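Just below is one structure, and these are the notes that go with it.
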Amino acid sequence: MSVSEVDRYAAEFEAFHARFAHCFVRSEPRQAARQYLRGLLSSVGRKNCWQMAEATGASHPQGLQRLLFGALWDADQARDELEAFVVEVFGAADGIVILDETGFLKKGVKSVGVKRQYSGTAGKVENCQVGVFLVYRSQRGTAFLDRCLYLPEEWCADPQRRVQARVPAGLIFQTKPELGITMLERAWAHGVPMEWVSGDEVYGDSTALRQRVAQAQKKYVLAVSSNTPVWQERPRLIPPGRGKTGRPRRRPCLAPDAVAWKSVAEVVAALPATAWQRLVVGEGEKGPRHYDWVAVRVFEKHGPLPGPQSWLLGRRSVHDPDELAYFLSNAPVDTALQTLAEVAGARWSVETAIEEAKGEAGLDEYEVRYWHSWHRHITLSLMAHAWLAAMRQVQGGKPAPGRTGRAERAGSAPAAGDRAAAAAAQCRAGAAVVELAAGQAPTGTA
């Protein structure tokens, strides 16, 4: 999308930007944010402050740089407003919320949270930062709800690096699943409509995360590692009482003759060939995604004791029978295999959303070192992506204008109008801009 295309629909773009006016203390950063969003929505070659300033007609990038480093505004408040926008445009009672992460390749050791760590996008250990994201998926589209920078434990334990990178003083180390729980709890507190929670093994392997989702009365389909232990039948327990030594035993324990647990891979491998079903669970780049699926009831293992009865779901590649994935779900016993498979398959939409955010909204094209600066850029990028996603939703799923996805690189006014009216105006703008991108005559002008 060119800056001139945004300008042709200035009134609608301003309606979207005005939703976030209350996040800024002064008019200068509010206008800088407007310029930054226009730059992120543009087709400039690399979306750093210098090139976005040039693309939006500014003589220098200082205003954009100050927006990320020193201006007074609340990125978390903007995140909450973004969440409200996503719910208005894409919200549905049966929505799926998905946890995932992506790496941002970096050079040097100064950028906050950088270290040699695994990057899923790169597919190997690289010097990078890792962001954890919460993504919303419904039949109406996909957009980001939340973001957190993963701060490795050695960073949390290094006072000098924390001060240099301006890490908040009270911040403590959190694992990626713990960051996921924090974001989920924030979404639940704000009333984000959802029925399901999904994610890969990083999050599914966390018993605490699975338990927290169940406590929130949400259903999950979470990928787990092949060695995850389960019981096929509930093992016999010895109730609390006194042990052989006469000491009181406050919790139940496994009976000596209790059935042994097995790994999820062992359970699935023992199922008969007739238990598998070939299902289509969504569209891929090369057409429908076909996989073989199987489901069986098991008891999760929570510490040394059995947890709730759940579904164990197996997925097998049609082309390579040795390519298997495993999932646990607390969905009711009468849940159809097709439903479980579709929720598990919804996680693929996150990969597409991250690719789009990097390719079309500059998610990975920042040049910042500080904690607050990272969250400011990422929030603005997710705002731009949500705007493009809403355009696609209005056009019935057509690709949003912008560049194609890329691999990872190194490298004080009152809020305007009511939110529903602003969302509707934004959607009208999206329809017109997509028409321009497709070479059609616009249906109207601002």
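The values are calculated or read from the model by the stated rules, or taken from the named source; none is laboratory data. A quick note: this is a predicted structure, and the numbers were derived from the prediction, not measured. A quick note on method: Cβ atoms are made from the backbone with ideal geometry, for glycine too, and the neighbour counts reach across all protein chains shown.
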>> Quick test for you: out of Asp158, Asp146, pick the one residue that is outside the structural domain of Val298 (by TED's automatic domain parsing), among the acidic types (Asp, Glu), over 19 Å from Pro306 (Cβ atoms) and in contact with a helix residue (DSSP H, G or I) (Cβ under 7 Å, 6 or more places away or on another chain).
In response: Asp146
> In this structure, does Ser263 turn out to be among the polar types (S, T, N, Q), out of contact with any Phe, Trp or Tyr (no Cβ under 8 Å at 6 or more places or on another chain) and modelled with pLDDT of 90 or more?
Replying inline: yes
> Can you tell me which residues in the range 191-204 are under 17 Å from the mean Cα position of the chain (by Cα), outside any helix (DSSP H, G or I) and not hydrophobic (A, V, I, L, M, F, W, C)?
Replying inline: Pro193, Glu195, Ser198, Gly199, Asp200
> Can you pull out the residues in the range 312-333 that are among the hydrophobic types (A, V, I, L, M, F, W, C) and buried (at least 21 other Cβ atoms within 10 Å of the Cβ)?
Replying inline: Leu312, Leu313, Phe327, Leu328
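For (1) part of a strand (DSSP E or B); (2) β-branched (Val, Ile, Thr); (3) at pLDDT 90 or above; (4) more than 20 Å from Val197 (Cα to Cα), each residue gets a yes or a no:
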position: Val230; (1), (2), (3), (4): yes, yes, yes, yes
position: Asp257; (1), (2), (3), (4): no, no, no, yes
position: Leu271; (1), (2), (3), (4): no, no, yes, yes
position: His290; (1), (2), (3), (4): yes, no, yes, yes
position: Gln309; (1), (2), (3), (4): yes, no, yes, no
> Within the range 96-116, how many residues turn out to be under 19 Å from the mean Cα position of the chain (by Cα) and surrounded by fewer than 22 Cβ atoms within 10 Å (Cβ to Cβ)?
Replying inline: 1
>> I'd like the residue in the range 165-187 that is under 20 Å from the mean Cα position of the chain (by Cα) and of a type in the set (Lys, Arg) and, out of all such residues, is surrounded by the most Cβ atoms within 10 Å (Cβ to Cβ).
In response: Lys176
> Do we have any residue at all in the range 47-54 that's over 16 Å from Glu365 (Cβ atoms) and surrounded by fewer than 18 Cβ atoms within 10 Å (Cβ to Cβ)?
Replying inline: no
> Any idea how many residues of the range 143-172 are more than 19 Å from Ser119 (Cα to Cα) and either at pLDDT below 95 or out of contact with any strand residue (DSSP E or B) (no Cβ under 9 Å at 6 or more places or on another chain) (or both)?
Replying inline: 17
> For Glu233, are the conditions met, namely being in contact with a strand residue (DSSP E or B) (Cβ under 9 Å, 6 or more places away or on another chain), assigned by TED's automatic domain parsing to the domain that holds Glu88, surrounded by fewer than 17 Cβ atoms within 10 Å (Cβ to Cβ) and not basic (Lys, Arg)?
Replying inline: no
>> Every residue in the range 83-112 that is closer than 29 Å to Ala331 by Cβ and in a helix (DSSP H, G or I), please.
In response: Glu83, Ala84, Val86, Val87, Glu88, Val89, Phe90
>> Of the residues Leu41, Leu82, only one is modelled with pLDDT under 90 and either within 23 Å of the chain's Cα centre (by Cα) or not assigned by TED's automatic domain parsing to the domain that holds Trp371 (or both); which?
In response: Leu41
>> Quick check on Ala122: is it small (Gly, Ala, Ser), out of contact with any helix residue (DSSP H, G or I) (no Cβ under 7 Å at 6 or more places or on another chain) and under 16 Å from Ala187 (Cβ atoms)?
In response: no
> Across the range 141-164, what is the total count of residues that are buried (at least 17 other Cβ atoms within 10 Å of the Cβ) and not in a helix (DSSP H, G or I)?
Replying inline: 11
>> Tally up the residues in the range 364-383 that are crowded, with 23+ Cβ neighbours inside 10 Å and at pLDDT 95 or above, please.
In response: 9
